[in-house]
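Below is one structure, written out as structure tokens; comments come after it.
Bear in mind that the values in this text are calculations on the coordinates, not laboratory data. Predicted model, so just to flag it, every value in this text is computed and none were measured. Methodologically, a virtual Cβ is constructed for each residue, glycine included, from the backbone with ideal geometry; neighbour enumeration extends over all protein chains shown.
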Amino acid sequence: MQITFQPIGTIHTPYREKAPYQPVESDEGTFFLEMSPDYEPGLKDLDTFKYIYVLYFIDRLVKEVSMDVAPFWAGEIEVGLFASRSPLRPNPIGLSIVKILKVERNIITTSGLDVFDGTPLLDVKPYIKDLDSKADANYGWVDKTGDMRHLALHILGIPHEY
Ligand SMILES: C[S@@+](CC[C@H](N)C(=O)[O-])C[C@H]1O[C@@H](n2cnc3c(N)ncnc32)[C@H](O)[C@@H]1O
């Protein structure tokens, strides 16, 4: 079966070749989602929310997809691809949670995003309090690395040396 998506817009960021590994909320620069004008009516009431999920097509991957992933920062640990947030996936769909700064016409201005300028936008959904946060969520295999400081850098999306 083949599934075809059409982008609903384009993501604009200051990043051409290098982007943070996760969104950095306090990142400097201009970040915005330019929706196709046809979808502008669908943005009504979106600005009643503080945060959104942004889904996109990771369109400029150059490496092969592998079912094993060994994050450089995790020592000897190798995990399954689907137990990781690696962008190299059979369906390269990226997911980022960002703050809405403003919605004007077909443009959603956001806090920092972790994608290259021009990345095709697939979907936008509101991030809803309680529905979208689980109080008993855990760190999974990351606990085994003992490197919680490193995880925190990822969670905060702070660029760092591996
Ligand atoms: C690790 S992914 C994280 C994506 C998402 N926040 C998640 O957790 O699913 C972010 C990285 O993907 C890479 N990237 C971003 N946009 C890309 C694009 N359009 N094509 C290829 N790689 C991209 C950048 O190297 C960036 O550091």
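Figures for the structure shown
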| quantity | calculated |
| --- | --- |
| Only Lys, Arg (+1) and Asp, Glu (-1) charged, at Cβ; the stretch 6-109 dipole about Cα centre in debye | 80 |
| Tyr127 long-range amide H proximity, modeled H, under 5 Å | Tyr51, Ile52, Tyr53 |
| Amide H contacts of Tyr15 (H built 1.01 Å from N, under 5 Å, at least 5 apart or other chain) | Asp117 |
| Nonlocal amide H pairs with Gly9, under 5 Å, H built at 1.01 Å | Ser36, Leu121 |
| Cα-based equivalent ellipsoid of the stretch 9-155: semi-axis lengths in Å, sorted from largest, via gyration tensor | 28, 18, 14 |
| Mean Cα-pair separation over length for the chain, i.e. relative contact order, pairs under 8 Å, 6 or more apart, % | 39 |
| When each of Lys18/Lys129; Lys44/Lys129; Lys18/Lys99; Lys63/Lys129 is checked by Cα-Cα distance, pairs over 27 Å | Lys18/Lys129; Lys63/Lys129 |
